[in-house]
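Report on the following structure.
Here, each number is a calculation from the coordinates, and none is a lab measurement. Just so you know, these numbers come straight off a predicted model, no measurement behind them. Glycine gets a Cβ as well: all are built from the backbone with ideal geometry, and neighbour counts include every protein chain shown.
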Amino acid sequence: MDCKKCNSSNTKIRDKQRELYLCNDCGRHFNANSYKLRGLIIDNKKWCNQCNSSKSIDEFYEAIDKGEKRLKSSCKQCCLEKQLLTKYRKYNLSKEEFDNLLISSDYKCNICSCNFKELPYLTILSKLFIDHCHQTGKVRGLLCGKCNSCIGLANDNIDILQKAIIYLNK
């Protein structure tokens with residue numbers, strides 16, 4: 001049998017239950033209980049350390065580590081959920097408070113009213129931005145990327161935005 005990691009033919013079995021064959025180089029740090037954590041790709045599947053399940057390698061983002069391409073240790077779904085959790089914490093919101101903001105805005109941007117209702121929940125979360133006052137930190141609502149950038153580029157300055165409106169009305 002060939003090594004499951006590098007395809008070398010000089011192998012010995014490391015895990016009889018899973019019939020996992022590795023060469024001496026790849027097996028040097030192998031531990032039958034921790035192979036999942038080492039990023040081994042077996043039969044085009046990889047272990048996600050976050051949700052503790054085996055998934056297709058298509059479900060993992062690529063990363064560059066010390067000049068070498070590798071797959072991240074968490075699947076795409078878990079990576080997105082982790083990003084969103086960080087997003088909630090940044091504004092001291094719970095998931096329920098964020099969901100209430102989403103429902104109260106009818107799944108629309110609070111400025112341009114572009115609709116996010118038909119999108120999958122995690123896509124909505126990644127495309128909507130939590131707008132907040134930079135002085136007080138108070139959350140104002142949810143905006144699409146364009147509207148969030150517009151307000152941000154105007155430095156949340158009402159005078160600049162009013163001048164922009166006057167300019168656009170010319």
Going residue by residue through the stretch 116-130, the Karplus relation 6.51 cos²θ - 1.76 cosθ + 1.60 with θ = phi - 60° gives ³J(HN,Hα) values, rounded to whole Hz and with x marking Gly or Pro, of 10, 4, 7, 7, x, 3, 5, 5, 4, 4, 7, 9, 8, 10, 8
Kindly provide log₁₀ I(q)/I(0) values, in the same order as q = 0.30, 0.31, 0.32 Å⁻¹, from the Debye equation applied to equal alpha-carbon scatterers of the stretch 91-134. -1.32, -1.37, -1.41
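For the stretch 72-149, just say rounded, prolate or oblate: build the C-alpha gyration tensor, square-root its eigenvalues into a ≥ b ≥ c, call rounded for a/c under 1.5, and beyond that prolate if a/b exceeds b/c, oblate if not. The partial results should precede the final answer.
Numbers: a/c = 1.79, a/b = 1.26, b/c = 1.42.
Cα axes put the stretch 72-149 in the oblate bin.
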Filter the cross-link list K45/K117; K138/K163; K90/K163; K76/K146 down to pairs whose alpha-carbon distance in this structure exceeds 28 Å. K45/K117; K90/K163
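Between D106 and S54, what FRET efficiency comes out of the Förster formula 1/(1 + (r/R0)^6) with R0 = 35 Å and r the beta carbon distance, rounded to 0.05?
Efficiency at R0 = 35 Å is approximately 0.35.
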Provide the per-residue ³J(HN,Hα) series for the stretch 85-101, in order, calculated from phi with Karplus coefficients 6.51, -1.76, 1.60 and θ = phi - 60°, each as a whole number of Hz, with x at glycine and proline positions. 4, 5, 4, 4, 4, 4, 10, 6, 10, 8, 4, 5, 5, 5, 4, 5, 4
DSSP loop (so not H, G, I, E, B), at most 12 other Cβ within 10 Å: list which trypsin sites (Lys or Arg not before Pro) in the stretch 137-168 pass both filters. K138
Could you tell me the distance between the Cα centroids of the stretch 118-137 and the stretch 150-170, to the nearest Å? 22 Å
Express the relative contact order of the stretch 42-93 as a whole percentage, based on alpha carbon pairs under 8 Å and six or more residues apart in sequence. 28 percent
Which residues' amide hydrogens lie under 5 Å from the amide hydrogen of S53, considering only partners 5 or more residues apart or on another chain, with H built in the peptide plane? C48
Sites L161 and T123 - FRET efficiency at Förster radius 22 Å, r taken between beta-carbons, to 0.05: 0.15
